[in-house]
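To start, the structure under review is shown below, and the notes come after it.
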Amino acid sequence: MGARIAGPVVRFQGGRLSGERADAARNRLAVLRATEELLAQSGPELFSLDQVAARAGVGKGTVFRRFGNRSGLFQALLAERAARLAEAVASPGTELGPGAPPRRRLLGFLDELSDLAGRNVALFTAHERVCAQDRYADPTYVRWHRHLTGLLIELLPPGTDPEFAAHALLALFDGDLVRHVVEAGGVDRLRRSVRGYAETLLRA
């Protein structure tokens, strides 16, 4: 995986966000790791910021100031997980980057997103349940949707709705659906199924 979606991108320098102090970077990474571990153990239903702070070894106020609430925390973790994909999409000279054929870029992006979702099922599920009201405004979702819409404008015939088609493709990464598919056939099945659906859409 490599990555960068068109649009604003999270920049990392030695594990830090651009302009971030070293101690703040350590705390941020500790909180995100703790979030990931707790999600894997108990899911979003039993998840609390108190638990995150305790496991990360930081004060609860640190978590609130940096992330605000559970929605902000899950959005930040998704953005971090998607940063490499975002970089590849914006990097010329890669199969996903500007200059590559739009069909290859679209199918390659969906392949990479399938891998990302399959490896982060608990996060995708938690993000959807806790951030449901703001799902379509989430910065990572907005970048993914904008990227797919731009490619579909080039690939779909006149009279179709590329924005709706982009939403439909992203709906394939519903957390509960991803979990069901991966449990029944692994990430390979998810990747094949998503690609097959996209190819059918393009043929139609």
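Gain on full extension, evaluated as 0.36 nm per residue between Arg203 and Thr160 minus their Cα-Cα distance, stands at 14.2 nm. Roughly how tilted is helix 22-42, in degrees to the nearest 10 and between 0 and 90, from the longest Cα axis of the chain? Roughly 70 degrees, rounded to the nearest 10. Out of (1) 1.06; (2) 1.00; (3) 1.17, which label holds the value of Cα Rg over 2.2 N^0.38 Å that was computed here? Only one option fits the structure, namely (1). Going by alpha carbons, how many degrees (0 to 90, nearest 10) lie between the helix axis of 139-155 and the longest principal axis of the chain? On a 0 to 90 degree scale, this one is about 10. Region 157-192 and region 93-110 have their alpha-carbon centroids 18 Å apart.
Readers should treat all values here as calculations from the given coordinates under stated rules, not as data from a laboratory. Everything numeric here is computed off the predicted structure, so don't read it as measured data.
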